[in-house]
Amino acid sequence: MAMLLSALFPAGALPQQGYQRPPKAVSDVLDAPSTPRATVGRARDVVLFYSPVLYPPIAELAQPFARLAGLRIDKTTNGPHSAPRFNHLVLKRVADGVETKVAIPANFLVSRPFWSPDGRRIAFTHAGNSAIELWIVDAKTGDAKSIAGVRLNGALTGRGPGSDTCSWMPDSKNLLCQTVPAGRGAPPNPPAVPIGPRVQESFGKAAPVPTFEDLLDNDHDSDLFDYYATAQLALLNIEDGTATNVGAPAVFGSVDPAPDGAHVLVERIRRPYSFIVPESYFPREVEVWDLTGQTIYKVASLPLRENVPIGGVPTGPRDVEWHPNQPATLFWAEALDDGNPKKKVPERDKIMRIKLPSTSAPVELARTENRFAGLSFGESGDFAILRDFDRDTLRGRAWFFNPEPDPSKTWTFHADKPNQKTLVWDLSTQDRYHNPGAPVMWPMPNGHSAILMQNNFIFLEGEGASPDGARPFLDRLDINTMELTRIFQGESQTYEEVVAMLSAGGRRLLTRRETQTDPPNFLVRESTKFSGGFAEPGSLTQIRPFTAFTDPTPQLRAIKKQLVTYKRSDGVDLSMTVYLPPDYKTGERRPAVIWAYPLEFTDPTVAGQVGGSPYRFTNITGPSELFYLLDGYVVLDNAAMPVVGDPETVNNTYIEQITADAKAAIDKAAAMGVIDPNRVGIGGHSYGAFMTANLLAHSNLFRAGVARSGAYNRTLTPFGFQNERRTIWQAPDVYLKLSPFLAADKIKVPILLIHGEADNNSGTFPIQSDRMFRAIKGNGGMVRYVTLPDEAHGYAARESIEHTLWEMLTWFDKYVKNPVATGTSAAASR
């Protein structure tokens, strides 16, 4: 019998035993309801609450889907596979708190809801058994109805601006939707016999591209992509249910109605397709249509983007958008450096605009010294904020200017050329402490969003990062005098963020507040003092609880957490959150888990800045490392792992720096007296898994490791990884040194590898973990390799989540918590 089992299951291959479940204490936490999300329409009189639905069953993830051109398309509904879903929609009046449940069937799952421009209706989609439906909700009564006879095409949904399946028209009575063309028929069958070899070629033109998943493989895949992605644009009238086709069917990369409701900006994806890049790189026609589908203006005919320089941008118009408060004015950016960030030029980009309808050529609005990073317009037409970004210094700048005073004028955005514009911010994009926040945007009556303005004031909301943790804020800024007034900031030892401004001037706010012991709840804050139409600083003290959600996991309240700061051996400031398990007693030294994710920085003073807040309510979801707390471990969470240096060469000392980071975290927790430094495990996901494998190969700090969905062989990502800017041919020694696959013989402690079999993240193909397992096994190491069927880069199914947690807990219990009992040798002296 033993010989038979040996033949059936060779060394290292174990029979499938089904999904395992973690202890009941873990499952109970996974069962807890999540805090609803909130959204407010332009009318500001009603708040819509909707709850995310977590952990679908594995049977749902296993439904057939097509992997085409970087997309995952559900073959039954023609929508995105495993899209986020929500339920329990509730409308709540701001004035008196009266609640109305949205009248939808029980256990009904919907997409993210979105408001009509007038704030009186809400739309969402529902993936039924065979189609995606459009539903409309009356925001006053909660009545909901579907638009009968319409089958939506959601194949390219949610990839960026203009990619929603449906968009409200400015009249709030119609939606412009992508629908499945009538009479489409069945998908094309693959050829029964190959028609010939597949040929690709390149002649002297560099095409450095990342390693993408789910690409087209052959001509049949191209035909399938056309089949599922081709849509018919249609205007759907929500009052009478009629559908009016707009133009001919096409594969639409984006569809965006103009503010005047008479024009539509479309991007039509066309052939030839590519086998090495996803659909976002495919050729496309950028056009403006009228509502009959006639092209009234062609912005550009963009070629296939296989040859964009590393860290660069494509040539030709990009980031094409409508001006939000003009009837039909387009603006876009174009590179002046051939899209090459290493080319020395006085200006990198120009910003163009055209007012339609027009027979004239577009005019140049501005030029930027650094790479264009965005243009936002105020509610008034004479104010805009332009942003640029310096790739070499990682600094971002923001300028205030008037885009309308002289149509013939071209602005040039240099710090030393201030004419009639104001350089407002010039900061490291990594500097949390000095981040001024982002302008508050607000939907206009035409459905487009603009910077919320009141007279000569705008509003800024931000995280409020500080050495003591984040305290979100809302500021008012005078754009003429640059005087800044803080309207609101949460109290110390709390975390309270602004969800929406419910009245002009910030006199009434909807906020979301939580503490370490109080679950997240929504509040309405009223100003007790205001002048000139604005809330005065510190006056938002009249508080009305708007929700009363109870603690969904009271068993977690005994967990204690503390924000801890310390220094690396070279003086770089570091921080982490130290969590103590619920049964912890003072003076105990517990086994510990470090969970981290490395980040690159150019400035050591910025690298040490604290992120997040220690005063947030502890809520554990998904395959979180915090579940180790329920098994008696101390968790050193989000332990800072900065890698500091010049952006071009920062990874030259990657291993030395993350080793110093890890040692500093262990030393600090040991000095606090809460961990046993000889019983520490390390873990991470994605780039954190890469870190984990390198730490196990190049240090003796840890008993064991857990590496989830990582990349371990950098020769398989030859054109860059994470923020590495060099190719393997430019820095071969770095790529080889940083590949734990090539140091597999040095991994002497147990490592658990977990990977989703359908990982869709660039660079982390499942073969990375497969080859890492074989390398460690082949060198006599201790390794376990678990693959999760149908799971992508992040794990979703309930069965997968539970099994992952069971693996993680079991692994560290065996090799970290009780190393002597299991025969694992003690860690070498550090």
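Some notes on this structure:
- Some residue of segment 41-55 being over 25 Å from the mean Cα position of the chain (by Cα), modelled with pLDDT of 95 or more and closer than 22 Å to residue 133 by Cα: no
- Some residue of segment 459-474 being more than 25 Å from the chain's Cα centre (by Cα) and buried (at least 20 other Cβ atoms within 10 Å of the Cβ): no
- Leading residue by the ranking (nearest to residue 291 (Cα to Cα)) among those in segment 242-266 that are touching a residue at least 24 places away in the same chain (Cβ under 8 Å) and not in a strand (DSSP E or B): 262
- Residues in segment 17-44 that are open to solvent by 20 Å² or more (accessible area, probe 1.4 Å) and in contact with a Gly (Cβ under 9 Å, 6 or more places away or on another chain): 40, 42, 43, 44.
- Of all residues making up segment 456-497, the number that are over 18 Å from residue 379 (Cβ atoms) and out of contact with any helix residue (DSSP H, G or I) (no Cβ under 9 Å at 6 or more places or on another chain): 27
- Residue match in segment 330-338 (condition: open to solvent by less than 30 Å² (accessible area, probe 1.4 Å) and acidic (Asp, Glu)): yes
- Set 333, 361: member being out of contact with any Gly (no Cβ under 8 Å at 6 or more places or on another chain) and over 16 Å from residue 318 (Cα atoms): 361
- If you go through segment 240-267 and keep only what is closer than 30 Å to residue 763 by Cβ and either out of contact with any Lys or Arg (no Cβ under 8 Å at 6 or more places or on another chain) or among the charged types (D, E, K, R) (or both), you end up with 254, 267.
- Subset of segment 714-727 (residues that are free of Cβ contacts under 8 Å to residues at least 60 places away in the same chain and either among the small types (Gly, Ala, Ser) or crowded, with 19+ Cβ neighbours inside 10 Å (or both)): 714, 721
- Within segment 516-539, the residues that satisfy the criterion of being under 19 Å from residue 470 (Cβ atoms) and among the polar types (S, T, N, Q) are 516, 517, 521.
- Checklist (1) touching a helix residue (DSSP H, G or I) at 6+ places or on another chain (Cβ under 9 Å); (2) closer than 27 Å to residue 449 by Cα applied to residue 136, failing item: (1)
- Matching residues in segment 751-796 - criterion: being touching a residue at least 40 places away in the same chain (Cβ under 8 Å), open to solvent by 20 Å² or more (accessible area, probe 1.4 Å) and assigned to a helix (DSSP H, G or I): 767, 771, 777
- Matching residues, segment 267-315, being without any contact (Cβ under 8 Å) to a residue 24 or more places away in the chain, surrounded by 18 or more Cβ atoms within 10 Å (Cβ to Cβ) and not charged (D, E, K, R): 302
- A count restricted to segment 647-661 and to residues that are modelled with pLDDT of 95 or more, of a type in the set (Asp, Glu) and over 16 Å from residue 597 (Cβ atoms) stands at 1.
- Counting the residues of segment 447-483 that are free of Cβ contacts under 8 Å to residues at least 40 places away in the same chain and hydrophobic (A, V, I, L, M, F, W, C) gives 4.
- Residue in segment 708-722 that is within 24 Å of the chain's Cα centre (by Cα), among the basic types (Lys, Arg) and modelled with pLDDT under 95 present: no
- Scanning segment 547-559 for residues that are open to solvent by 40 Å² or more (accessible area, probe 1.4 Å), polar (S, T, N, Q) and part of a loop (DSSP other than H, G, I, E, B) gives a single hit, 550.
Yes/no matrix, rows are residues, columns are (1) farther than 12 Å from residue 638 by Cβ; (2) outside any loop (DSSP other than H, G, I, E, B):
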{"residue": "561", "(1), (2)": "no, yes"}
{"residue": "565", "(1), (2)": "yes, yes"}
{"residue": "570", "(1), (2)": "yes, no"}
{"residue": "574", "(1), (2)": "no, yes"}
{"residue": "578", "(1), (2)": "no, yes"}
{"residue": "584", "(1), (2)": "yes, no"}
{"residue": "588", "(1), (2)": "yes, no"}
{"residue": "594", "(1), (2)": "no, yes"}
{"residue": "597", "(1), (2)": "no, no"}
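- Checked against the criteria, residue 628 counts as hydroxyl-bearing (Ser, Thr, Tyr) and either within 20 Å of residue 815 (Cα to Cα) or free of Cβ contacts under 8 Å to residues at least 40 places away in the same chain (or both).
- Within segment 431-442, the residues that satisfy the criterion of being touching a residue at least 60 places away in the same chain (Cβ under 8 Å), open to solvent by 40 Å² or more (accessible area, probe 1.4 Å) and in a loop (DSSP other than H, G, I, E, B) are 432, 433.
- Of all residues in segment 475-510, those satisfying the criterion of being among the β-branched types (Val, Ile, Thr) and under 27 Å from the mean Cα position of the chain (by Cα) are 494, 498, 499.
- Total residues in segment 651-677, condition in contact with a strand residue (DSSP E or B) (Cβ under 9 Å, 6 or more places away or on another chain) and closer than 17 Å to residue 587 by Cα: 11
- Scanning segment 443-458 for residues that are outside any loop (DSSP other than H, G, I, E, B), open to solvent by 20 Å² or more (accessible area, probe 1.4 Å) and touching a strand residue (DSSP E or B) at 6+ places or on another chain (Cβ under 7 Å) returns 443, 449, 453, 457.
- Residues of segment 382-395 satisfying the condition of being of a type in the set (Lys, Arg) and in a loop (DSSP other than H, G, I, E, B): 391
- Subset of segment 665-691 (residues that are open to solvent by 10 Å² or more (accessible area, probe 1.4 Å), at negative phi and small (Gly, Ala, Ser)): 670, 671
- Pairs, first within 14 Å of residue 137 (Cα to Cα) in segment 93-113, second loosely packed, with under 14 Cβ neighbours inside 10 Å, C-beta under 6 Å, six or more apart: 103/143
- Any hit, segment 533-546, residues being open to solvent by less than 50 Å² (accessible area, probe 1.4 Å) and under 15 Å from residue 627 (Cα atoms): no
- If you go through segment 87-105 and pick out every residue that is outside any loop (DSSP other than H, G, I, E, B) and either buried (at least 20 other Cβ atoms within 10 Å of the Cβ) or of a type in the set (Asp, Glu) (or both), you end up with 3.
- Wholly enclosed strands (runs of 3 or more DSSP E) of segment 505-545 bearing at least 3 residues more than 16 Å from residue 495 (Cβ to Cβ): 542-545
- Matching option when the condition is under 28 Å from the mean Cα position of the chain (by Cα) and more than 21 Å from residue 813 (Cα to Cα), among 684, 645, 705: 645
The values are calculated or read from the model by the stated rules, or taken from the named source; none is laboratory data. These numbers were taken from a predicted model, which means no experiment stands behind them. Positions of Cβ are backbone-derived with ideal geometry, glycine not excepted, and every protein chain shown enters the neighbour counts. Keep in mind that these areas ignore ligands, DNA and RNA; they rest on the heavy atoms of the full protein, side chains included. Shrake-Rupley method; radii C 1.70, N 1.55, O 1.52, S 1.80 Å.
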